Amino acid sequence: MPAIAPFDPWRNPLCPCPPKYGLNPYTGCGHSCTYCYISSYIPRAFQPRPKEDLLEKVRRDLGKLPPGSVISLSNSSDPYTPPEAELRLTRRVLSLILEAGHRVLIVTKSPLVLRDIDILAKYPGRAVVQITVTTLDGAVAERLEPHAPRPSARLEAARRLAEAGVPVGVRLDPIVPYVNDSAGSLSAVVDAAADAGARQLVASTYKAKPDNFARLVKAFPEVADRLRELYWARGAYLHGQRYAPAEYRRRVLELVKGMAEARGLQFDICREEFFDLNTPGTYCDGSHLLRRA
Ligand code: SF4
């Protein structure tokens, strides 16, 4: 079983990003976000454990990749999930990827990424970090992402990375109807991202699967009926997930796009069909912010 494999978004035509590779140092993730989709295909999804023989496999796989390959960390976990503080596997993997001349895309909710700022800054243009911030409201964040670091700590990480010259994007992802979709909540995140020095703002709406929907309505019982109506009665089934109605999604994403562009941020959507909303020449995975191979 390889550690690095071509990234496959389940052949989803709503993913227009260029081809890349994916690498998950861990199986599962300890941040336990209510909306997380990994619990639909990973057993014990919120009990993170290191991949077996990870470093040996990464060394082997890296040698087979074309020069300057783009590797995404991680799409089925957070590369800075809690055990990483002690195990330092992501740190080792980052060094191996960059020393081998490849490029890396990181998505995280953890300021632990700052521990590796020395490695990231050593290879200018070969690493992009996207930090997910869904709300600035600590109480809402605690219900949405019970074991993830506070939004303020994530934004501080974004600021310090940007100051160190690492290109940073902020992912307002997902936008959950009735939970973090008010204009005030959205603009607070967009403004904080711009103030932190982010270059890109990525937004997308919550996609429901039975297991994450059950967690969501348990965490937010006061909006359960409205969410059920929006997703299961009026929404659509697209590529294995329930989406909110297109008119809702278009409206909220257009709103965020206007806010992002007013602050000079590039804007991209993720797995939504409104490609015209994307800033031309940019991608939601941030790969356009990498230096060309
Ligand atoms: S940080 Fe990402 S992978 Fe981890 S639980 Fe949250 S959504 Fe899932």
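Each reported figure results from applying straightforward, stated rules to the coordinates on display, with no laboratory input. A quick note: this is a predicted structure, and the numbers were derived from the prediction, not measured. Methodologically, a virtual Cβ is constructed for each residue, glycine included, from the backbone with ideal geometry; neighbour enumeration extends over all protein chains shown.
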Checklist entry - Taking neighbour counts of Cβ atoms within 10 Å as a proxy for exposure, in what order, fewest first, do 33, 15 appear? => result 15, 33
Item to check | Translational diffusion coefficient (Stokes-Einstein; Kirkwood radius from C-alpha pairs) of the range 221-271 at 10 °C, 1.306 mPa s, in µm²/s | outcome: 127
Item to check | J(HN,Hα) series, the range 237-243, from Karplus relation 6.51 cos²θ - 1.76 cosθ + 1.60, nearest Hz, glycine and proline x | outcome: 9, 10, 6, x, 9, 8, 10
Checklist entry - Which longest run of the chain has no exposed loop site in it, a site being chymotrypsin sites (Phe, Trp or Tyr not before Pro) in a DSSP loop with at most 15 other beta carbons within 10 Å, and the site itself not part of the run? => result 42-177
Next on the checklist: Just to confirm a number: summing +1 for Lys and Arg and -1 for Asp and Glu over residues other than residue 242 whose beta-carbon lies under 9 angstrom from that of residue 242, what do you get?
Outcome noted: +2
Checklist outcome for this item: GNM of the chain, Cα pairs under 10 angstrom: of 103, 92, 249, the biggest fluctuation goes to 92
Checklist outcome for this item: Least to most buried among 282, 205, 134, by other C-beta atoms within 10 Å and fewest first, runs 282, 205, 134
Item to check | Formal net charge of residues neighbouring residue 117 (Cβ-Cβ distance under 10 Å; K, R +1; D, E -1) | outcome: 0
Checklist outcome for this item: Unit-weight point scatterers at every alpha-carbon of the range 88-230, Debye formula, q = 0.15 1/Å: log10 I(q)/I(0) is -0.77
Checklist entry - Just going by the charge dipole of the chain, with Lys and Arg at +1 and Asp and Glu at -1 on Cβ, which of 19, 237, 288 is farthest out on the positive end? => result 19
Checklist entry - So how tilted is helix 89-99 from the main axis of the chain? Cα-based, degrees 0 to 90, rounded to 10. => result 60
Item to check | Nearest-ten-degree value, helix 183-196 long axis tilted from longest Cα axis of the chain | outcome: 20
Next on the checklist: Given 10 °C and 1.306 mPa s, compute D for the chain with the Stokes-Einstein relation, Rh being the Kirkwood radius over Cα pairs; round to the nearest whole µm²/s.
Outcome noted: 83
Item to check | Contact order normalised by residue count of the chain, Cα under 8 Å, 6+ apart, percent | outcome: 18
Next on the checklist: Along the Cα→Cβ direction, 7 angstrom out, place labels at residue 147 and residue 250. What is the inter-label distance in nm?
Outcome noted: 4.1
Checklist entry - Roughly how tilted is helix 151-163, in degrees to the nearest 10 and between 0 and 90, from the longest Cα axis of the chain? => result 40
Checklist outcome for this item: Under 5 Å from the placed amide H of residue 69, counting only residues 5+ away or on other chains, we find 103
Checklist entry - Considering only DSSP states other than H, G, I, E and B, which trypsin sites (Lys or Arg not before Pro) in the range 1-65 qualify as loop sites with at most 10 other Cβ atoms within 10 Å? => result 11, 44, 64
Next on the checklist: Over the chain, with a Gaussian network built from C-alpha contacts below 10 Å, which listed residue (96, 216, 186) shows the highest mean-square fluctuation?
Outcome noted: 96
Checklist entry - Just from its helices, what would the mean residue ellipticity at 222 nm be for the chain, if runs of 4 or more DSSP H residues each count -39500 (n - 2.57) and the sum is divided by every residue, rounded to the nearest 500 deg cm²/dmol? => result -9500 deg cm²/dmol
Next on the checklist: Restricting to Cα pairs below 8 Å that are 6+ residues apart, what does the relative contact order work out to for the range 166-293? Please round to a whole percent.
Outcome noted: 28
Item to check | Orphan Cys of the chain, criterion: no other Cys C-beta under 4.7 Å | outcome: 15, 17, 29
